[in-house]
Amino acid sequence: MDKNAIQHILDTAKEEGRNALTPSEARQIASAYDIPHPQDRVASSTEEAVDIAAEFGFPVVMKVVSQEILHKTDAGGVITDVTDAESVREAYIKITESTRAFNADATIEGVQVQQQVSGSTELIVGGVTDPVFGKLVAFGLGGVLVEVLKDVTFRLAPTTEEKAAEMLNEIEGSQLLDGIRGQPGVNRVAIQSLITNISRLISDFPEISELDLNPVIASEDGVVAVDLRMLLNFEPAPARPRPSQDEILTAMTRIMKPKAVAVVGASAEDGKIGNSVMKNLIDGKYGGNLHPVHPKAEEILGQKCYPSVLDIPGDVDIAVFCIPARFVAGVIKECGEKGIAGAILIPSGFAEIGEHELQAEVVAAAQAAGVRLMGPNIYGFYHTHHNLCATFCTPYTERGGVALSSQSGGVGMAIVGFSRSAGMGVSAIVGLGNKADIDEDDLLTYFEDDPNTQVIAMHVEDLKDGRAFAEVASRVSRKKPVVVLKAGRTRLGAKAANSHTGALAGDDRVYDAVLRESGVVRVTSLNDMLEFARGLAILPTPKGENVLILTGAGGSGVLLSDACVDHGLSLMPMPDDLDAAFREFIPPFGAAGNPVDITGGEPPSTYEATIDLALNEDRIHSLILGYWHTIITPPMVFAELLGNCVEKARAKGIDKPVVCSLVGDVEIEEACDYLNTRNILAYPYTAEKPVAVLGAKYRWSRLSN
């Protein structure tokens, strides 16, 4: 491969002020990267077109060549199945006339004559520069279907053959690749190679902003890209500054576990943010040094006050800002002089209301001073294992293993409320707000090795540096589950893009594919984020794929079975001996198999015997229970016997995932509360939620193993 020759092509286009390559240039680059394409040449007259077609052999395809006409079909600039010399002449004239009618100002450089390729399946393979994730490679169903179905998936570029193979299975129409209704399948290996080659090309040459191979004709023999479009951008957006992993960890450790905290704008007046922050730090029993900063006060809430952070004796790790936005930049400079690691910017009045210049001024001051910024426009943060409640909102001190973050203050308070209501202790709750500096990958870097954090859950409105997030999440998610709620998933993609692939940049499909590639458990609702975070922290890692449903109601069993399919769980095929063992305890009109239906009229002893059997059977790796409210086995009786069964199993070293769906009257709510306090996940009035949480645990465990 002659990369210098490719660079020469790109440099020539830049010198000529072009943002697209000619078909000939695109073909040269494609050849260098082993991208199969048919023979073609550009004709400048009808008779030259006839000669080229005769040389290639009929049929041929003819296409207009014009820098101003990127979507040739829209302009009537493509004619297929041209079968003889006279048809070539007619097609040449028709293409030029249609193109001029479409755009009278377009410069027509000629008509491309191309060998016509036959094959069973039309695909799209492309590359795009996404505003969040950078270089991506795309794959999906091609031709006209790409704009209608948008059945496409993505990977960060460059990618591997293994990940390319995953892409082929991710699209909805993946079965088409194996052939249907007598049609032969396609060469999957050839498609994978094409995807990886495209991903290398756009990574090697960042100037290629969009690359569109549509359609790619796929057959048993291989693939051929019959249309190549390469768009250029010689002024890419500047890279976002990123500290090294060690630098991030050093700063974040000081921020999350400060030995000394300054409250800039502390107040003795009730109702002021600076007063609420001080009270939360004091009432939360923060054990480090607390230094209120106020230009005039001598003392606030029993703590000696200082006129400036520079006047505080000794080291200070973080400064919590409770002052108006216009004063922040000046104090940030003082924080740098003092050696403060992090500024917690509670004030609003920055980019969220259009004050981008003011926020940029603060960021520039922080970068010059070596101070990391959390915020601005945040509620602060909680770090329970450090007794740190650096927020003006509701105090929260219940410790646990879940770390959560949000961009929104409202979502942050929902996290606090749910955590308290559900008894879900947390290790941290962090507000990120405008994310002028510290963002999700900084938090992931810190929580990755935090011994007090088992699960990380994040509410995300946007990612400032999606590639950095993906790289860190790929590493962290193999150690700990990472749950992400991406808000704004219905936002439309870039409609005005110049290529089919480019039109998909910014689309939620990009987020979905990259988050999946990164091992993230994605959710689509706030409640799911919170429930998954709680459940993933509680459920043990399953030791195998065999899931058993045990229910007292056939209808619940059907709903639970459907939910298992929806969430990628495998119902265990019931062995004959185990089937017989269950039938020992259930009535003749019940049903063994899977689900096991003990029927609703059974006493507590039947529930207890079948649950014990399932828990002690090594071939069953996870258990889903569907309880139906009856007077014969009331809700609290069921809850207590289940709690006893699980406790006995755990005492013997048996700790497999157990989730419960309880349906019935309001008494089932108390039963669920009882079970949840014993780390047995139970949900009232739903068959789907417990299975969804179990499915999330399986998705993560498959990745981590």
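The values are calculated or read from the model by the stated rules, or taken from the named source; none is laboratory data. Because the structure is predicted, anything quoted here is derived from the model rather than measured. A quick note on method: Cβ atoms are made from the backbone with ideal geometry, for glycine too, and the neighbour counts reach across all protein chains shown. Just the protein is used for accessible areas: all its heavy atoms, side chains included, with ligands, DNA and RNA removed. Shrake-Rupley method; radii C 1.70, N 1.55, O 1.52, S 1.80 Å.
Here are some notes:
- A Cβ-based charge dipole, computed about the Cα centre of the range 226-327 with Lys and Arg at +1 and Asp and Glu at -1, lands at about 100 debye.
- Amide hydrogen neighbours beyond the local backbone of Ala43, cut-off 5 Å, H modeled: Val111, Gln112, Val113
- Under 5 Å from the amide H of Glu461 lie the amide H atoms of Gln407, Ala487, each residue being 5 or more positions distant or on a separate chain, with H modelled from the backbone and absent for Pro and chain starts.
- P(r) of the range 260-398 over all Cα-Cα pairs, binned every 5 Å from zero, in whole percent: 2, 11, 22, 24, 21, 13, 6, 1
- Karplus-derived 3J(HN,Hα) values for the range 214-231, using 6.51 cos²θ - 1.76 cosθ + 1.60 with θ = phi - 60°, are 8, x, 9, 8, 10, 9, 4, 7, x, 9, 9, 8, 7, 9, 10, 10, 10, 9 Hz; glycine and proline are entered as x.
- The charge dipole of the chain, taken about the Cα centre with unit charges on the Cβ atoms of Lys, Arg (+1) and Asp, Glu (-1), comes to about 2000 debye, rounded to the nearest 20.
- Relative contact order %, the chain, counting alpha carbon pairs below 8 Å whose residues are six or more apart: 8
- On a per residue basis, the range 198-266 carries 41 Å² of accessible surface, using protein heavy atoms and a 1.4 Å probe.
- For the range 362-465, carbon and sulfur atoms together expose 50% of the accessible surface, with a 1.4 angstrom probe and every protein chain in place.
- Loop-located trypsin sites (Lys or Arg not before Pro) in the range 266-342, at most 15 other Cβ atoms within 10 Å (DSSP): Lys272, Lys285, Lys296
- Percentage of interatomic Cα-Cα distances in the range 100-172 larger than 21 Å: 48
- Unsatisfied cross-links (Cα-Cα over 23 Å) in the set Lys259/Lys296; Lys259/Lys279; Lys480/Lys689: Lys259/Lys296
- Positive end of the dipole of the range 200-320 (Cβ unit charges, origin at the Cα centre): among Gly271, Ile208, Pro241, the Cα lying farthest that way belongs to Gly271.
- Separation between Cα centres of the range 596-628 and the range 345-424, rounded to whole Å: 45
- For Asp2 and Glu247, the FRET efficiency from 1/(1 + (r/R0)^6), where r spans their Cβ atoms and R0 equals 30 Å, is about 0.15.
- Looking at the range 557-660, the GluC sites (Glu not before Pro) that sit in a DSSP loop and have at most 11 other Cβ atoms within 10 Å of their own Cβ are Glu584.
- Relative to the current alpha-carbon distance between Glu220 and Lys543, full extension at 0.36 nm per residue lengthens the span by 112.3 nm.
- Overall Cα dimensions of the range 6-162 - principal axes, largest extent first, Å: 48, 41, 30
- In the chain, helical runs assigned H by DSSP with n ≥ 4 each contribute -39500 (n - 2.57); averaged across all residues and rounded to the nearest 500, the mean residue ellipticity at 222 nm is -12000 deg cm²/dmol.
- Listed residue pairs exceeding 22 Å between alpha carbons, taken from Lys72/Lys150; Lys14/Lys135; Lys3/Lys72: Lys3/Lys72
- Taking a straight line from the alpha carbon of Lys543, these aspartates and glutamates sit under 16 Å away, with near neighbours fewer than eight places off in the same chain left out: Glu617, Asp618, Asp655.
- Karplus-derived 3J(HN,Hα) values for the range 106-119, using 6.51 cos²θ - 1.76 cosθ + 1.60 with θ = phi - 60°, are 5, 8, 8, 7, x, 10, 7, 10, 9, 4, 7, 10, 10, x Hz; glycine and proline are entered as x.
- Helix screen, the chain: no DSSP H segment has Cα axial length of 20 Å or more and mean Kyte-Doolittle hydropathy at least 1.6.
- The accessible surface of the range 656-705, taken with every protein chain in place and a 1.4 Å probe, is 48 percent carbon and sulfur.
- All Cα pairs of the range 276-355, percent lying beyond 18 Å: 44
- Assigned charges on the beta-carbon of Lys, Arg, Asp, Glu; the range 544-686 dipole about Cα centre (debye): 240
- In terms of overall dimensions, the range 425-488 has a Cα radius of gyration and Dmax of 11.2, 32 angstrom.
- Met572 contributes an accessible area of around 10 Å² to the protein surface, as traced by a 1.4 Å probe with all chains present.
- Protein heavy-atom accessible surface, 1.4 Å probe, per residue over the range 88-141: 40 Å².
- Counting only residues at least eight positions apart within a chain, or on another chain, the aspartates and glutamates with an alpha carbon under 18 Å from that of Lys163 are Asp151, Glu172, Glu471, Asp512, Glu517.
- Here the range 1-96 has 46 percent of its accessible surface on carbon and sulfur atoms, given a 1.4 Å probe and all protein chains in place.
- Surface accessible to a 1.4 Å probe, per residue, for the residues of the range 561-705, Å²: 43
- Amide H partners (placed H, <5 Å) of Val125, local residues excluded: Leu213, Val216
- In the structure shown, the pairs Lys304/Lys464; Lys304/Lys333; Lys272/Lys304 are assessed against 28 Å; a Cα-Cα span above that value is assigned to Lys304/Lys464.
- From the coordinates shown, mean projected area of the Cα convex hull in nm² corresponds to which of (1) 41.2; (2) 34.3; (3) 37.7: (3)
- Cα gyration tensor shape of the range 529-578, rounded if a/c is under 1.5, else prolate or oblate by comparing a/b with b/c: oblate
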